[in-house]
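Below: one structure, written as structure tokens.
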Amino acid sequence: MTRNVTRFGSILRASRLTNQSGSVLATVLVVLIILLSIFLSAMTYALSRYGRHMANQNRLAASHLSDAGVSRTVALLQEERFRPGTQEWTAPNGGRITVETSAWGPYVQVRSLGKYRGQEVATVALIGTSHLNWQSAAITMTDESNPLVIAGHTRIIGDVNTGSQGMMEGQFRGEGVTYPDYHKGVNRKYAALDVPALDTAVFDHYKRELRQRRGRIEHRLSGSVVLDSADIATLNSYTTVRIENNLRFQNVNWQRWDRTVSFFVDGSVEITGQTRLSGLIEIVAGGTITVSDSASVDNVILSAEDSVVVRDAAKSSAILISEGSIIVRDRASLTYPSLLLCDVPEGPTQPGGIYLRSRGILESVCYLREKSFHGFLTDRFLYVDTVSQARGTLISQSYTDLRGRLDGCSMTERYYFAYPPTTYLNWLKDATIDRTRLDFTPVLPALDVDTASWYVLRQDRAS
């Protein structure tokens, strides 16, 4: 009996040892599985982080290649005139650069695509004419047959370039100048000064491309159309849209940088409400284009045969083009790098020009282009009223009627002041022109000037 009990105890102890060994083995396996999971998770995280790091590095390299494409195009423009087309080459690091050069209004547009190890970055850049010597002066007047006459409360801070007749004081209704020191600067007299002309190789190419786009309409909308944000999604697949009557953008938020979309509107266009348009959007109207309320347009081309009006609290850093009038009024604000281009057609024209009035605020480049200057036969003016402010560069191949404040520089064929029934040629009355308050030199549209160089106006990522 004692022997059986002893044997049973030995079996029980052996069983307990076996169970304990199994528990230890299971515990060890669980620990190993946990450690393996942690190790695999750490490896996965490390590899993922490394992959993201390399993707970021490759994308950074692609962005550098994209920027290099823009820089190379600027260098090529310095060596030869504007040549539209596509170029592609391999970079020293093995990446690829594809550059498409075209015209965007009177600017050269470059779309540069950099590719490096599966990453692509596209850049859209606008290139114009860099600083010209006369932009350092407050006033440059090219009329050689008459002097520049200063009257009233006029003050000029900065150099003045005139023809051989120079500058003099004038009396208006029996009163002379208000400020004896009305001019702080140097008066330089030049012969054969000319207002620089637009580079027709660029602007005319843009017009040809515009006609081609008009001839290949992809989508047509009949009647008058009101677009909101929900409608934009259906138009994203098109590059050319025809509106047979009027078009209204109402509270639309649309950015388009990957490719150009063109709207050809037979009637008028309204951009109102909280609309935000930016990128490669082109709106061409047979009537008037109006930007009002709190709408904002950036880099967009607004081109109208009749007129372009920016009013109320609207903001614009767009390219405004019109064969009639461009009007900025009612506290509307234009910020650099906006451009106002009034392109006067050949032959007799209706009155028009560029007008800044009713407390309009303008920080941009204005260019009044007139191919054939007809003297007093023209009714085209670049006009700034007494309660408006301009900051930037004003260029006119016709007349400039400047009565408000300009912080920057003005270049014109002739100045003009009217007090009905009398008109005063090359008079400045009650104007303030201060070149010292302009702390940057605006990039001009592409000009036909031999001594000019090219410069990037703006550069935006398209991807």
- Task: Determine the calculated [θ] at 222 nm for the chain from helices alone, applying -39500 (n - 2.57) to every DSSP H run no shorter than 4 residues and normalising by the residue count; nearest 500 deg cm²/dmol.
- Result: -8000 deg cm²/dmol
- In whole Å, how far is the Cα centre of segment 147-190 from that of segment 427-456? 20 Å
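Given the C-alpha atoms of segment 190-325, compute the convex hull and give its volume per residue in Å³.
Working: hull volume 16.7 nm³, N = 136.
So the per-residue hull volume is 123 Å³.
Using the 10 angstrom Cβ neighbour count as an exposure proxy, how do Thr386, Thr200 rank, fewest first? Walk me through the intermediate numbers first.
Details: Thr386 11, Thr200 14.
Ordered by Cβ neighbours within 10 Å, fewest first: Thr386, Thr200.
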- Note on the structure: With Cα coordinates, the longest principal axis of the chain makes an angle with the long axis of helix 200-214, in degrees rounded to 10, of 60 degrees
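Which ordering of Phe440, Phe249, Phe264 is given by a fewest-first count of other beta-carbon atoms within 10 Å?
Working: Phe440 10, Phe249 26, Phe264 20.
The most exposed by this proxy come first: Phe440, Phe264, Phe249.
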- Message: Restricting to bridges with both residues inside the chain, how much of the DSSP beta-bridge set is antiparallel, in percent to the nearest 5?
- Response: 25 percent
- Message: Using only the alpha-carbon atoms, how far is helix 2-79 inclined from the longest principal axis of the chain? Give it as 0 to 90 degrees, nearest 10.
- Response: 20 degrees
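What does the charge count near Val261 come to, summing +1 for each Lys or Arg and -1 for each Asp or Glu among other residues with Cβ under 11 Å from its Cβ? All intermediate terms of the calculation are to be shown ahead of the outcome.
Details: positive: Arg213, Arg256, Arg259; negative: Glu218, Asp258, Glu282.
Computed value for this residue: 0.
For the chain, what is the number of Lys pairs with C-alpha distance below 27 angstrom, counting only pairs 8 or more positions apart or on separate chains?
The result is 5.
Kindly put Val291, Val177 in sequence by how many other C-beta atoms sit within 10 Å of each C-beta, fewest to most.
Numbers: Val291 29, Val177 20.
Arranged by neighbour count, lowest to highest, Val291, Val177 become Val177, Val291.
Coordinate-derived values only; no laboratory data. Just so we're clear, the structure is a prediction, and the values are computed from it rather than from any experiment. Reconstructed Cβ throughout: ideal geometry from the backbone, glycine too, with neighbour counts over all protein chains shown.
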